[in-house]
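Report on one structure; see the data block that follows.
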Amino acid sequence: MIYLLRHGETVWNTLGRFQGQKDSPLTKRGIEQADLVAGLLHREIRETEQVVDLHVSPLGRARETADRVQRVLPLARREDDRLMEVSIGSWDGLTMFEIENEFPGMLDGSDAFDWYFRSPDGENFDAACARARSWIADIDTPTVAISHGLFGRLVRGVYAGLSMREMLDLPVPQDGFYRLCHGEVSLVSG
């Protein structure tokens, strides 16, 4: 069983700035989202009475979300680089406007999601999926995982055997979590 959640809303989320492997702090709303998800997780895990591990991306926004979760669920925490957001290389930290201006033509023909993998020095789709597969393969106990929007899509997609297009179309809420169990993926939200 995997409980997969995305960090709460960040300052850069509100500005349309793509973080990749750079960082910005949670907003007040992001803290509220993390607290909401912590409560949802607490109820879910308390009902099953299971021992659960906590795996966290080492990026600050995921660690800050984990801090909020650990206030209600005192789980042993392990940071795992494999849960980091997909890097879009030199595009990390930029807005779409800045990318279009600084890298003319690079986004031509892209859509709302596949543009992530057009960065000239970013992580490619296959490498990111391999990272997700590697992490999933190592999970042998119930685990709460705190990760990111794009990488969370890939984890769910790899787990469910989805195509690239299907993965990239998946929603990435910050006020709930996904339960991955017996090949099924279901959303738990407040």
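The values are calculated or read from the model by the stated rules, or taken from the named source; none is laboratory data. None of the values given here were measured: they were computed from a predicted structure. Cβ atoms come from the backbone with ideal geometry, glycine included; neighbour counts cover every protein chain shown.
The residues in region 71-113 that are among the basic types (Lys, Arg), touching a strand residue (DSSP E or B) at 6+ places or on another chain (Cβ under 6 Å) and closer than 25 Å to residue 32 by Cβ can be counted, and the count is 1.
Residues of region 5-47 that are in contact (Cβ under 8 Å) with a residue 24 or more places away in the chain, surrounded by fewer than 18 Cβ atoms within 10 Å (Cβ to Cβ) and β-branched (Val, Ile, Thr): 31 alone. Considering 44, 98, the condition of being over 17 Å from the mean Cα position of the chain (by Cα), under 25 Å from residue 119 (Cβ atoms) and not hydroxyl-bearing (Ser, Thr, Tyr) is satisfied by 98 alone. Screening residue 80 with (1) over 17 Å from the mean Cα position of the chain (by Cα); (2) closer than 18 Å to residue 142 by Cβ; (3) of a type outside the set (Val, Ile, Thr) gives one miss only, at (1).
Across region 76-131, the number of residues qualifying as part of a helix (DSSP H, G or I) and of a type in the set (S, T, N, Q) comes to 2. Of all residues in region 1-48, those being modelled with pLDDT of 95 or more and among the acidic types (Asp, Glu) number 3. Applying the condition of being part of a loop (DSSP other than H, G, I, E, B) and hydrophobic (A, V, I, L, M, F, W, C) to region 142-185 and asking which residue is farthest from residue 126 (Cα to Cα) yields 172. Taking (1) small (Gly, Ala, Ser); (2) modelled with pLDDT of 95 or more; (3) surrounded by 14 or more Cβ atoms within 10 Å (Cβ to Cβ) in turn, residue 119 satisfies each apart from (2).
Yes/no per residue for (1) assigned to a loop (DSSP other than H, G, I, E, B); (2) of a type outside the set (Asp, Glu):
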| site | (1), (2) |
| --- | --- |
| 24 | yes, yes |
| 29 | no, yes |
| 37 | no, yes |
| 45 | no, yes |
| 51 | yes, yes |
| 61 | no, yes |
| 64 | no, no |
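Quick grid of which residues meet (1) farther than 12 Å from residue 4 by Cα; (2) surrounded by 14 or more Cβ atoms within 10 Å (Cβ to Cβ):
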| residue | (1), (2) |
| --- | --- |
| 125 | yes, yes |
| 131 | yes, yes |
| 134 | yes, no |
| 149 | no, yes |
| 152 | no, yes |
| 163 | yes, no |
| 182 | yes, no |
| 187 | no, no |
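Pairs are defined by a Cβ separation below 6 Å, a sequence spacing of at least 6 or placement on different chains, a first member in region 63-86 that is free of Cβ contacts under 8 Å to residues at least 40 places away in the same chain, and a second member that is crowded, with 16+ Cβ neighbours inside 10 Å and assigned to a helix (DSSP H, G or I); the pairs so defined are 72/38.
Those residues that are assigned to a loop (DSSP other than H, G, I, E, B) and under 23 Å from residue 156 (Cβ atoms), I need them from region 1-22; list them, please. Matches in region 1-22: 1, 7, 8, 9, 18, 19, 20, 21.
Among all positions in region 100-114, there is no residue which is touching a Lys or Arg at 6+ places or on another chain (Cβ under 8 Å) and within 19 Å of residue 180 (Cα to Cα).
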